[in-house]
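In what follows, a single structure is set out as C-alpha cells and then discussed.
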Amino acid sequence: MEPRLNFFGSPFAGKVLKHINSAAKVASESGVPTATQEPVKIRASQINGCGYCTDMHTKDAVAAGETQQRLNLVAAWREATVFTEAERAALELSEQGTRISDASGGVTDEAWANAAKHYDEEQLIALLSLIAVINAYNRINVRPRCAQSTNG
C-alpha cells in the first residue's frame, strides 16, 4: 500500500513528534513495570490495526525479557492465565481507553476502580498517558497511511 503522505519527512511533523516522543518518554519512566507497559501498548495497537506498532512493541517486550507465551496471549488476555491481576487491570484500561467511542461513558467505573487497586495516582496518570500516546502513534501510522515511522 502506497503512503498518502510522507508525514515522517515533514519538518512540521517532526516538531509534533518531538513532543509526542517527550510525553512517551516521561510516561515510560513512571515506575509502571515494562512487563505492563509493553502489553498495554501492544493491545492498543492490535485494536487499532497498527501492524508497525504491534511489531515494534512486541520486539521491545522480547528485548525486555517478555516471554513469547505472554505475547501470544495479549489479544486474548481475558481468557489467559499468564497475566497478573495488575496487568489485567492495565490491559482493561488500555482496551477501554482505546475503544472510547464503543462505550458511551469511556472507561467504566469498575475498570477504573480495579486499576486503582493496583496502581497509585502517578502510575494511573502514566498508564493513561501511555494509552493516549500509543493511540496517537497508531493513528499517525494507520489512518492517513503515512510512510512508516521509527516511533510508536
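Anything in segment 27-42 that is hydrophobic (A, V, I, L, M, F, W, C), touching a residue at least 40 places away in the same chain (Cβ under 8 Å) and over 16 Å from A115 (Cα atoms)? List them, or say none.
Once the filter is applied, which keeps residues that are hydrophobic (A, V, I, L, M, F, W, C), touching a residue at least 40 places away in the same chain (Cβ under 8 Å) and over 16 Å from A115 (Cα atoms), segment 27-42 yields only A27.
Hey, can you tell me all the residues within segment 57-97 that are surrounded by 16 or more Cβ atoms within 10 Å (Cβ to Cβ), of a type in the set (S, T, Y) and more than 26 Å from E121 (Cβ to Cβ)?
Scanning segment 57-97 gives a single hit, T58.
Could you check, for segment 2-17, whether at least one of its residues is on the phi < 0 side of the Ramachandran plot, more than 13 Å from the chain's Cα centre (by Cα), surrounded by 13 or more Cβ atoms within 10 Å (Cβ to Cβ) and of a type in the set (D, E, K, R)?
No, because not a single residue in segment 2-17 is on the phi < 0 side of the Ramachandran plot, more than 13 Å from the chain's Cα centre (by Cα), surrounded by 13 or more Cβ atoms within 10 Å (Cβ to Cβ) and of a type in the set (D, E, K, R).
No value in this document is a laboratory result; all are computed from the given coordinates. Model, not experiment: these values are computed from the prediction. A quick note on method: Cβ atoms are made from the backbone with ideal geometry, for glycine too, and the neighbour counts reach across all protein chains shown.
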